[in-house]
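The next block holds one structure in the form of structure tokens; read it before the comments.
Derivation of every value follows stated rules applied to the coordinates shown; laboratory data play no part. Treat the numbers as computed from the prediction; the structure is a model and nothing was measured.
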């Protein structure tokens, strides 16, 4: 009987900790994950999206793009599919996603139509 009484506070503490972690998950992490486009399974909705360079993508390096997903303006890291840097303000198309980065190529609609 003494052993059962000694375990009761430990079990109550473990149950309280589990409850707190569940509440934090539901109130903090889950809503953020659901509203972040990069959390979409497979990222497929982003491929083909037109974005704009907001931080220069250096040759062989990583920059940043901004794009619209639904009604929200979003951004993510990006690297170029082509050699050379891509300057701030350049329109690009997201052609792939690789390890959390958008792989982008300059997008020129006039050149594509001719």
Original post:
What per residue convex hull volume, in Å³, do the alpha-carbon atoms of segment 43-113 yield?
Top reply: 89 Å³
**OP:** Once you have the Cα-Cα distance between residue 101 and residue 68, take 0.36 nm times their residue separation minus that, and quote the gain in nm to one decimal.
**Re:** 10.3 nm
Original post:
Relative contact order for segment 43-113: what is it in percent, counting Cα pairs under 8 Å that are at least 6 residues apart?
Top reply: 32 percent
